1. Which fully enclosed helices (runs of 4 or more DSSP H) of the range C:576-695 have 1 or more residues being touching a residue at least 24 places away in the same chain (Cβ under 8 Å) and in contact with a strand residue (DSSP E or B) (Cβ under 6 Å, 6 or more places away or on another chain)?
2. So, in the range A:256-276, of the ones that are touching an Asp or Glu at 6+ places or on another chain (Cβ under 7 Å) and open to solvent by 20 Å² or more (accessible area, probe 1.4 Å), which residue ends up nearest to the other protein chains (Cβ to nearest Cβ)?
3. Which condition number in (1) of a type in the set (Gly, Ala, Ser); (2) modelled with pLDDT under 90; (3) assigned to a helix (DSSP H, G or I); (4) farther than 30 Å from residue B:214 by Cα is the one that residue B:392 fails?
4. From the list C:313, C:336, exactly one residue is part of a loop (DSSP other than H, G, I, E, B) and touching a residue at least 12 places away in the same chain (Cβ under 8 Å). Which is it?
5. What's the number of the condition residue C:199 fails, among (1) touching a helix residue (DSSP H, G or I) at 6+ places or on another chain (Cβ under 6 Å); (2) in a loop (DSSP other than H, G, I, E, B); (3) small (Gly, Ala, Ser)?
6. Scan the range B:302-324 for residues that are assigned to a helix (DSSP H, G or I) and open to solvent by 20 Å² or more (accessible area, probe 1.4 Å) and report the count.
7. For the range C:504-534, name all the residues that are of a type in the set (Lys, Arg), within 24 Å of residue C:397 (Cβ to Cβ) and out of contact with any strand residue (DSSP E or B) (no Cβ under 9 Å at 6 or more places or on another chain).
Amino acid sequence: MLAFVIRRLGVMLVTALVLTFVVFFLTNLPPNLEKLARSEGSVRMTDAAVASWLEEHGHNGSVFYRYAEWLGAAPGWVITDEKGVTRGKCIGQRDDPAMAPKFCGVFQGNWGVSTVFKKTVLFSLGKSMAATGWLMLAVMLVMVPVALLIGVLAGMREGSRTDRVLSTFSIATSATPEYVSGVILVVLLASPATGLSPLLAEWGWIGSKTLFMGTATSAMDNITFWNFGLPVATIALYGVGYIARMTRASMTEVMTQQYIRTARLKGVGFRQVVLRHALRNAMIAPFTVIMLQFPYLLNGVVIVETLFNYKGFGWMLVTAAGNNDIEMLLGASVVAVIFVLVTQLISDIGYVFLNPRIRLG
Amino acid sequence: MSSLIPESGWADMSEPLSWAAIFGLMAKQFWPVWVALTVTFALSFRFKRSLGLYGKLFDSPVAIVGFALVMFWVFTALFANVIMTFDPLAQLGSVKNPLPGAVVPEGAEGQYKWFLLGGDHLARDVFSRMVMGARQVLIIAPAATTFAFLVGITLGLPAGYIGGRLDTGLSFLANLVLAFPVILLFYLLVTPEIRNTGIPVVLAAVLFLIPIAFFAILFQSRFHTSPNKRNLYVGITLVLGLWAYSGLAFNADPLGVWGMDPNLLNVFVSVVFVNAPTVFRIVRGIVMDIKSRDYVAAGQTRGEKGWYIMLWEILPNARGPLIVDYCLRIGYTTILLGTLGFFGLGVTPESPDWGSTINAGRKLLSMVPHPAVVPALALMSLVLGLNLLADGLREESLKD
Amino acid sequence: MTNTIWDASQPILEIENLSISFFTRMREIPAVMDFSCKVMAGEAMGLVGESGCGKSTVALGVMRDLGKNGQIVSGSIKFKGRDLVTMGEEELRHLRGSEIAMIYQEPMASLNPAMKIGAQLIEVPMIHQGMARAEAWELARQIVADVRLPDPDRILNAFPHQLSGGQQQRIVIAMALMSKPALLILDEPTTALDVTVEAGIVDLVKDLGHKYGTSMLFISHNLGLIMDVCDRLCVMYSGEAVETGAVAQVFDDMRHPYTQALFRSIPLPGADKNARPLISIPGNFPLPHERPKGCNFGPRCAYFQAGRCDAGDVAMADVPHADRHASRCVKWDEIDWTAAPKARVVKEKAPIGKVVLQMDDLKKYYAVSGGAFGGGHAKVVKANETLSFAAHEGETLAIVGESGCGKSTFAKVLMGLETATSGTIMLFDEQVQSTPIQKRSVDTVSSVQMVFQNPFDTLNPSMSVGRQIIRALEVFHIGTSDAERNDRMLELLDLVKLPRAFAERMPRQLSGGQKQRVGIARAFAGGAKVVVADEPVSALDVSVQAAVTDLLMDIQRQNKTTLLFISHDLSIVRYLSDRVLVMYLGHVVEMGSTDQVFQPPYHPYTEALLSAVPVADTKVIRKRIVLEGDIPSAMNPPPGCPFQTRCRWKSQVAGGLCDSQMPPVQTLTDGHQIKCHLGADVLAQMEPVITFAAE
């Protein structure tokens, strides 16, 4: 078991390095850097000025070396200009160049400064991840129990009326991406002109103009049902359909197994057959699916945060990407990649634990 | 029926239309689709017993609904020129966001009188944009999915069949791509900067070569025993393939038949790149299952080469789950393309594709919903149709 | 236990005129028609028939577990006088597991993989008797000991996958016995197990039946097993019971043509491929919706009389002067049941020619990475150890052994799918041990071909039958044009006695036996000289087995083919082989002519194997030798002699040699080889396992 985890961690590390390199490479392409130079320096710089700006800011040299610098595995660049002023990646504005550390990269906790937010990347990341954390937590709390319940209820009697209704529901929701369900939910529940809200307002049931709020910006400070309900529902809806379908498939398969017949013919009642004999076996596959759903949640988070203007991780990613904020984008990628890899690891280990056949095999 | 639909002389030209009239006029506008659907279903029901798996679809109500939805949009895409009421890019008047059923301000003679489903913030006709958007979506999504399948199959077959180091290497690469959050990948891959570096062209050059290799190997492994046939089939594959290749990947088709807008190429390559690893994993799994069958061993014991066994003994027997996944994946690709549009990536802003239109419409969503809701519902119904179709297919193919 | 007052002189189970149908969207498919039978207290009733005859449906009908589509159409099933057909769900649930218990074919599949054995066992008395947990656990321990499993505590705390197949089946039996049911239904309980393991289970079932006084309904396709276990039997054909009676009566004085045909088609000791070949039943088993009018067996029956047999439904008729013996045949009292069969054709023995295949000291080791997590130390599996033998032209060499003995590995090495670790294989006059198949010439490849075991797997399901044969012809460079190859393909279909129209068919439209024939045609497409047949008939129904075996023999006679016949079924091996090679855990433990191997002196393993195979002949007396335990894993073979862990002769070898040293190969008379430490004096004392009762 230990050997397995170590091996997995090794593969994970390699994957993380390769992926961050790819991100580094793609964000530090010459056109991006040129754009950076013009936005940090001046828009009307000549090509020669751009080249010298880039050189002065350590953006020259091989991409591999710059990647290592960024990681903190190679010494940061140091340049002394004609005026005798020494500047470097690791030298703060008022620091003494002699005292500055040689290495300063991600390993040393120096993730750079965001050009858009004018704060350190770590600070901005921390803040936005906290916001997104609440969103994800709420989504999970809604999505997982609902999806499992729907899946199990539909799958325990394949072909029944309950099954048909619930399956159709899950297919419909898994066919509705977040940017569609979000739009529809807003129109139905958070628009003063259409949907439920005008009616409710007319009847005097709600004080404000709309039932739910169409933006979640206020949830940054104070989460309420009314400002957080729609974003959570939007992300959860898509996931519910997907997980419920997986659970149903797994459940129907388990229900046709010989050992379920054995249990039935032992005289075990239907409830107990489902709860004691089927459920655990049927949960193995959906568990993996749920864990692997996390990365996809990230997608939903980006869409929903953009749609509802909630300044979390996704919103920040979009803003950084839209504004050529290289350091921020790199930081966000590291987080996203590690997040995905960790969920994969948990999913693998959890699968082994849930499945005695592998655990003790 | 006809009494419900206001004929042009019948309705008051200066009054907006009622909802009933809007739906009536839309139904009328879609007439080529109804005709085509009727013919398709009539023929399919008539011959359903001799049409194999396709025929069996018509035994399952779920599949029928799914198929009808999908075919509705396919025919809409085909007959878009007839169906749409305006040029999807034309700006009609100066009023922003005209409501559904609103009258089009003064215009040329013989032009359509109403905004059936309203107009957007540039006063472009939402109905026509939705119809034209169907054509955009239904060209790119199936094509990108097909490419992703060819790439996934070509790499997944040897990974599953041969295994060992090859499998370890390819699986690592696949997992690498899968570990990338899709949205991040899009933000990195689908940018104007990337296009300037030529990376998409390089990627396309590699990815587009794989389908040609696939078909060439397919025929070579089957017909190597009779060189004449082999030369014919492999020759045709290479000529057609390389011709299209020159045009699609490098925009250098000497005859100018094949070509792809660089924006589109970028989107296309990214979508293939994201989908192929998943297909790879599915194919690999199925192959590992099938390769222990006796008919595979029979092929091996008569000295068949690996590619023959993979392509002609294993692949045809993996078709069931692959077809089901293909349907699902077209839906998923549609969603992905929508996502791209939603973030304004890749395609030009005036493009009528559904994702971009939703993006454009969402800014004023709570006040004027129709520019966003119409393409949203269109996209949802297409994906729903594909999912229902896949579900029905799976159910029917299991009944064998 | 439920306190039903029950008169023990009445039948425990009484099925009357039971009809069961399955309903599909298209039509109603009758699976069982007009079935009646009675099981008395303590009696073991056998249900025998080929696949699809409805025997399992009867069992599920008794359990009222027919699924969504199945339905009891008419008739009654009385258990201790109460009709199960009209019983409510709740009452039925109390009966299931407590009064009626069932044991299934696949032990692994019938145990819940995520629950410990103990939890699965104690559930039964806890549900039905409301027993406390601790008490139920104690009972479980006792019953696990009763089914002769060692170390009950460890077993109760184990998960199913940690036990071997034989142990799992014992657990399933223990589970069935937990509340001491009055009726036990066993549905092919040993089909998935190895022969020597099967023998142990059969013994156990018999003993426990006596010990607990349980009545049994024993379902099997194997007549020999039925004879071992049951008092009475009921032969089924195409949904109907065709003959029922006491085992000895039906076996010796059958009164139905199907029963007779069945017995004539199975290889019993005394059958011989040349002098007394088997008689296969012509035609095919009718599909449920294609059953003929009148007698279902009519179209295949040698005594068929138009106008009588196909006139209308045939009823069961009692055979007088016998104990509850009945037959569903209109002509049962007209047929001369003692007459010798007409169809028997004596065939000429094919001459045995020069050596075509010679193996010397062949070894094949595999490196297997241990553990599920990819870590751990690589283990070496010794799949084949010092395999040496020669096979001659026109000869049938049988390779006998149970799972894990290395017979399939040997086939792979011979075919070139794997290369040998060491040793030599001389094929004709070429050494091929280290030439993989890709490097072999087309001639070599086409001259060594294989017939596979599973008929449902042997043909590519998405390619037409003709196309598959033509592909083989193309690869073997036979014929110069498509037309020529097409003709050759049709000839091959003739050779395997299939209609030429089958060329256009897809494999799913063929029956198991027909698919196996196509497989044979494909193997002979390139004029194969050596054919490896890997259990070619073991998955087929008994009546079809004979036909396919005969076909193989006929082609062999014509082509002077060398046939390497891999099998675990000693009956068929004795019937068709010239020489036999017995393998155990990668070693050849005995080799010799068929007569030598089937008569003492035996290798101890051969002796046990012979004794384990059930023989459906009342005149044969078998010595019962039941081996302890299971076959060790090839990953972890015992030290010394591979068979020492289960050998009953071990004590006869002095100095514990068996535990420490690999036995030498002893050559007895005429090339008869035995790999054993036993001295010549002990071997000479061995008694035959099978003897015939004086007639």
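The values are calculated or read from the model by the stated rules, or taken from the named source; none is laboratory data. As the structure is a computational prediction, the values presented were derived from the model and not from experiment. Neighbour counts are summed over all protein chains in view; Cβ atoms, including those assigned to glycine, are modelled from backbone coordinates with ideal geometry. Just so you know, the surface numbers come from the protein's heavy atoms only, side chains and all, with ligands and any DNA or RNA stripped out. Shrake-Rupley method; radii C 1.70, N 1.55, O 1.52, S 1.80 Å.
1. On the way: elements: C:594-598, C:604-612, C:657-660, C:680-685.
The helices (runs of 4 or more DSSP H) meeting that bar are C:594-598, C:604-612.
2. Here the answer is A:258.
3. Condition (4) is where residue B:392 drops out.
4. On the way: C:336 fails: touching a residue at least 12 places away in the same chain (Cβ under 8 Å).
Only one candidate qualifies: C:313.
5. (2)
6. Here the count works out to 10.
7. So the first thing to find is which residues in the range C:504-534 are of a type in the set (Lys, Arg), and the list is C:505, C:508, C:515, C:517, C:522, C:529.
Subset that is within 24 Å of residue C:397 (Cβ to Cβ): C:517, C:522, C:529.
Correct list: C:517 only.
Let's see how each residue does on (1) open to solvent by 10 Å² or more (accessible area, probe 1.4 Å); (2) aromatic (Phe, Trp, Tyr); (3) closer than 23 Å to residue C:296 by Cα:
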{"position": "C:16", "(1), (2), (3)": "yes, no, yes"}
{"position": "C:20", "(1), (2), (3)": "no, no, yes"}
{"position": "C:23", "(1), (2), (3)": "yes, yes, yes"}
{"position": "C:27", "(1), (2), (3)": "yes, no, yes"}
{"position": "C:41", "(1), (2), (3)": "yes, no, no"}
{"position": "C:49", "(1), (2), (3)": "no, no, yes"}
{"position": "C:56", "(1), (2), (3)": "yes, no, yes"}
{"position": "C:72", "(1), (2), (3)": "yes, no, yes"}
